[in-house]
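Here, each number is a calculation from the coordinates, and none is a lab measurement. Computed from a predicted structure; not experimentally measured. Cβ placement follows ideal geometry from the backbone for every residue including glycine, while neighbour counts extend to all protein chains displayed.
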Amino acid sequence: MTAQDWLSVFGGAAAGAVGATLLALGARGFGVAVEDEHVALVTSFGKLVAKLDKPGLHVLPTKWLPWVSVEHVSLARDFRVIHDLHVNDARGTTVVADLWVELRVIDPEKALFAVEDWDQATQNLVVHAAMSILGSRDFQQILDDRSELGAQLQRDVSAETERWGVKVEQVFVRHVALTPEVSRQVFGTVAARLEQARAVVTEQGRLDAAQLEADTSKQIAALVAEARAQYPLAVGRALARLKASPPVFAAYNALYELAQLRGPRTVAFRGFDGKDVRALDAAMLPEPAGANVTK
């Protein structure tokens, strides 16, 4: 093959490639691609003329006309998160909460024509219902009943959103909190209550301890009095047994008499029979020099 033949071959291949590309672009320019779980709504002068709901590429020769438009609507489940919703609860406390909304379009025609912006309208409706429902409960009830409140929100907004072709499947109340100012006030109130409770507990403990000490002293006094009452009886029984043995009883009496004498303050004179010199007379006698007196 000559150079001219090769040039003709390459020129034909290039022209074919360019033609195929232009044909593909033209087909794509006059076609509408529909993905799975999506619907394409074709309108002419704002009026619905076609609804393409089968996945694939659909040929639409009038797509490039200025009065023809194609709106793609997703039928898949989607979600919206509404952050930092400020609500005054039943006691006037400002509560901050996040709302998680799960929804999907069930009627794309209504979603396109029944409302200007179904997405924004749905979020506004959920916010309005949340402020009404959460505002009728206090902060503690909102914390405890978040699942129930979410279900109530879903029921309240579903009837309205279904008129727009949108179904709200679930609503969750998340991240419930207080504003920083209210949090400081609440914490201060809780701290004061804790301090008051601590003082009450401390005082009650002191009173209980004093009462226990008084009851214990009373019981001890009763036991001591009972023991003291038993002492003379025990001594009497012991003396009765000692009288059974006169020598032992006499020795006990002698020891008892000596035990009653106070050594540093008593001088005892024993052995005087009282005939010649009595013990009292002996005590009056002067002490002779060098004499030893037993005291």
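For the stretch 35-79, calculate the relative contact order in percent as a whole number, restricting contacts to Cα pairs under 8 Å that are 6 or more residues apart. Please report the intermediate quantities before stating the final value.
On the way: 64 pairs, mean separation 21.3, N = 45.
Normalised by residue count, the contact order of the stretch 35-79 is 47 percent.
Can you give me the long-range amide H partners of residue 138? Hydrogens built in the peptide plane at 1.01 Å from N, cutoff under 5 Å, separation of 5 or more residues or another chain.
90
Ratio to report: Rg/Rh of the stretch 16-165, with Cα atoms as the point set and Rh obtained by the Kirkwood method; give two decimals.
Working: Rg = 21.8 Å, Rh = 18.4 Å.
Rounded to two decimals, Rg over Rh is 1.19.
No solvent, one uniform scatterer per C-alpha: report log10 I(q)/I(0) for the stretch 32-104 via the Debye equation at q = 0.12, 0.20, 0.21, 0.26 1/Å, two decimals.
So the normalised log intensities work out to -0.54, -0.84, -0.89, -1.10.
Excluding residue 201 itself, what net charge comes from residues whose Cβ is under 12 Å from its Cβ, given Lys and Arg +1 and Asp and Glu -1?
On the way: positive: 198, 206; negative: 195, 203, 208.
Value of the local net charge: -1.
Only sites in a loop by DSSP and with at most 12 other Cβ atoms within 10 Å count here; which chymotrypsin sites (Phe, Trp or Tyr not before Pro) in the stretch 28-111 make the cut?
Working: sites: 30, 45, 64, 67, 79, 100; in loops: 30, 45, 67.
When the chymotrypsin sites (Phe, Trp or Tyr not before Pro) of the stretch 28-111 are filtered for loop state and at most 12 Cβ neighbours within 10 Å, 45, 67 remain.
Show me, for the stretch 221-232, the HN-Hα J-couplings you get by feeding each phi into the Karplus relation (A = 6.51, B = -1.76, C = 1.60, θ = phi - 60°), rounded to Hz, glycine and proline as x.
Taking θ as phi minus 60°, the curve returns 4, 5, 5, 5, 4, 5, 5, 5, 5, 7, 5, x Hz for the stretch 221-232.
With the Cα gyration tensor of the stretch 84-162 in hand, give its eigenvalues times 5 under a square root as the equivalent ellipsoid semi-axes, listed largest first in whole angstrom. Don't jump to the answer; show the numbers that get you there.
Values: eigenvalues 149, 29, 17 Å².
Gyration-tensor ellipsoid for the stretch 84-162: 27, 12, 9 Å.
Which value, in nm² and rounded to one decimal, describes the direction-averaged projected area of the C-alpha convex hull of the stretch 51-90? Show your work: numbers first, answer last.
On the way: hull surface 25.5 nm².
Here the figure is 6.4 nm², rounded to one decimal.
Compute the distance from the alpha-carbon center of the stretch 240-258 to that of the stretch 99-140, in whole Å.
For the stretch 240-258 versus the stretch 99-140, the Cα centre distance is 109 Å.
Check each of the trypsin sites (Lys or Arg not before Pro) in the stretch 116-164 and keep only those in coil by DSSP with at most 14 other C-beta atoms within 10 angstrom; list them in order. All intermediate terms of the calculation are to be shown ahead of the outcome.
Details: sites: 137, 146, 155, 163; in loops: 137, 163.
For trypsin sites (Lys or Arg not before Pro) across the stretch 116-164 that sit outside H, G, I, E and B with at most 14 neighbouring Cβ atoms in 10 Å, the list reads 163.
Let me check I've understood the local charge: for residue 166, count other residues with C-beta under 14 angstrom from its C-beta, Lys and Arg +1, Asp and Glu -1. What total comes out?
Working: positive: 77, 80, 104, 110, 163, 167; negative: 78, 102, 107, 109, 116, 117, 119, 160, 162, 169.
Here the charged neighbours net out to -4.
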